[in-house]
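I have placed the structure first, in the form of structure tokens, so that the comments after it can refer back to it.
The values are calculated or read from the model by the stated rules, or taken from the named source; none is laboratory data. The structure presented is a predicted model; accordingly, all values stated were derived computationally and were not measured. Heads up, the Cβs are rebuilt from the backbone with ideal geometry, glycines too, and the neighbour counts pull from every protein chain shown. Note: areas computed on protein heavy atoms with side chains; ligands, DNA, RNA excluded. Shrake-Rupley method; radii C 1.70, N 1.55, O 1.52, S 1.80 Å.
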Amino acid sequence: MDAGNNLAIALQLTADFDLSDASNAWQGRLVFEPYHAQGGEVVQSTWQSWDAKEGKWWGTRANVIKNGVSTTNTCVQATPCTWAKLLTAFPNVGIHLTYGSLILKAGSNWAGFRGNVDNLTIGVEGLTTTFDFESSEPATVPALPPDTLPLWIHADTNVIDGGEILAGPLAKNVIVVAFEPATSPQLRATALATVGGIVVGGIPIDTVEGFYYVRPAHGETAAEIMAAAETVNLMQGVVLSAPALLGDAEDDYRKPFDGPTARDWTLMPDSADGDNWALERIGAPSAWGCSTGDTLTKIAVIDRGFHSVDDLRGNVQGNTRYSLPTPGSGHGTSVASIIAASGDNGTGMTGVMWKADLRLYERAPTSMEQLLRTGAIVSDITRMISAVLSGARVINVSGHIGNMRADSAGRANVEYQRRYMRMVLRLRNGDPRAPLFVFAAGNANQNAYYNGYPALVLDYPNRVLAVAAAAASGNGLYQGSNFGPLVHIAAPGERLQAINEAGVVTSVMHRTSGAAPYVAGVAGLLASFDPNLSVSDIRALIVAGALAGGRTAGGIPMLNAHESLKLAAQRPGAPLCGNRIWNDGNNNIVVQRDSVTTETIITRDPTDYLAYVNPFHGGRRIELGFSYRYDWSPATRRFVEGTNVQTSGTPPTDVSGAWLS
């Protein structure tokens, strides 16, 4: 109870008392409390409206920065100021650019206080927004959980420490709910309405039930999340309601939830066992911790035999540059699926890029190649020009044109093709965002020059990659893959998981035609991971990542997606991927870019004395509290928490995988 009728929820603004000076230091908050203007008139159990500009304001700091120097704050709690007086004393006061926030807060030690806020109206330059905090009518709940999880659930900013309530990291703003199979939609909606819950995603287990991911009205802290889960748990029809635990360092890495042959992933494969060996061999499960692609990155495929299959539709989206189905054996469908079959959709398979903007262009049919070779070449060139002009970042060409004989006629045909391809590659040449061309090196068991397109490496060394096919076992090339100094990268070409023309996941042996799309997919991951990368950057990172990975096939460096992304993360301003990070002693988080460059990526909030970051490393999400040292064990692929080092500055020179490296 408030005998004096003075207590009400306060409106607080994180302030900079002079936006025109260079100081960005913490300067406290500006506070509006109704009682300063109307003492004793805060009526209990009654809605009242207050105009903050007509009331009085005070600052939480006795001294603030004005004109770059410390200045006495005349508007403090003991001497609050009207809005006009505040602006007279501090004409350039405003919301702090770094710590800016608007806060509704009840004061401390108000025993038994209960207050509410609604219909909060905020005006900015004549435009007003009203926040209605009333809960809406119960949202409908689908009969089965949706087969999707929004990315924000696992975003670094949405991960919090369970603290004393729950051990380990958990997602804020979400709980997981499961119902009895016979529970009606009305009862499900009623259960979720008790916490203002909205279904934001889910994981169907079978055709009967699964797990709903629900966003409660209040879930910013571990206590609020647990309270929401316990409330729903008491409702009729609920089998389970719990916080969304994100697992520990050993178990929680980003992996797709797809068809029955693509559920179990090995991060560091030592053999070709299992259906997923090709993606594992190129380090895709580890790379997915850093990037799974995005639907803004355009990837073009020039091929034959595209078919409308479920696992491609999500990434082809509204693309209408081809007609489905098209003639052919389904070769184009298989190639496109290796690049970008939709990942994490509970069906089919996973492409190297889970998400992409696929652009599919049908090649000229074989009969035309045989009868009208010149016309066939021109037809293909026309499609490549369309792909270039579409803004594609990567263009995959897994087929070749015409006679590839290793004789004078074959060499003449190669030169003929190069003439046309030079015309295509001249388009946007010199533009950093020009497309990277990824070509299959061919399957004639000879120097790749005689396969035509790879010879363009000499013409445009920063825009072309020729790809050899690696065997599933050992370090050799697969059956007849071309080779030679013009082939700079190898990728799996045997026993590949791909989608056929019927939409069924099957094992194919497309040799270099199947190897090229793995490289194109990694190029797409790089482009989406850091959109600032140029075409020459992407090509160089693919080759350098293969060399860093240490595997070869017939002496040709083997594609390694994770190593390429780690190298991309060494660039200043890039996202994190396997970088070393540490606390500088003031709880600011510093990242190691290359061997000499460091960069501060998180600046400590002075109101929060613990700094955390949740990077992915080796495909796994790691929550690091920076008063501890963490050792990465390559043998077990686990982080081991070490001693409480309370250290500052740069980590030891001999890290041996320590910290986050």
Residues that are in a loop (DSSP other than H, G, I, E, B), modelled with pLDDT under 90 and open to solvent by 20 Å² or more (accessible area, probe 1.4 Å): does region 57-79 have at least one?
no
Please go through region 267-305 and pick out each residue that is assigned to a helix (DSSP H, G or I) and among the hydrophobic types (A, V, I, L, M, F, W, C).
TRP277, ALA278, LEU279, ALA284, ALA287
Answer yes or no as to whether ILE103 is surrounded by fewer than 13 Cβ atoms within 10 Å (Cβ to Cβ) and in a strand (DSSP E or B).
yes
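Only one of GLY197, GLY202, GLY247 is at pLDDT below 90 and surrounded by 17 or more Cβ atoms within 10 Å (Cβ to Cβ). Can you tell me which?
GLY202
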Among the residues of region 503-521, the number that are in contact (Cβ under 8 Å) with a residue 12 or more places away in the chain and assigned to a loop (DSSP other than H, G, I, E, B) is 4
Starting from residues that are among the small types (Gly, Ala, Ser) and crowded, with 21+ Cβ neighbours inside 10 Å, keep the ones in region 435-458 and report whichever is modelled with the highest pLDDT.
ALA440
How many residues, within region 463-486, are open to solvent by 10 Å² or more (accessible area, probe 1.4 Å) and of a type in the set (A, V, I, L, M, F, W, C)?
4
Could you go through region 555-566 and let me know if any residue there is acidic (Asp, Glu), over 22 Å from ALA441 (Cβ atoms), assigned to a helix (DSSP H, G or I) and modelled with pLDDT of 90 or more.
no
What number of residues within region 331-347 satisfy the criterion of being part of a loop (DSSP other than H, G, I, E, B), buried (at least 24 other Cβ atoms within 10 Å of the Cβ) and in contact (Cβ under 8 Å) with a residue 40 or more places away in the chain?
2
Per the filter on region 210-228, residues basic (Lys, Arg) and more than 24 Å from the chain's Cα centre (by Cα) are none
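Residues are listed down the side, and each one gets a yes or a no for (1) among the acidic types (Asp, Glu); (2) within 23 Å of ALA278 (Cβ to Cβ); (3) surrounded by fewer than 23 Cβ atoms within 10 Å (Cβ to Cβ):
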position	(1), (2), (3)
LEU496	no, yes, no
GLY503	no, yes, yes
VAL508	no, yes, yes
ILE542	no, yes, no
GLY550	no, yes, yes
ALA553	no, yes, no
ALA569	no, no, yes
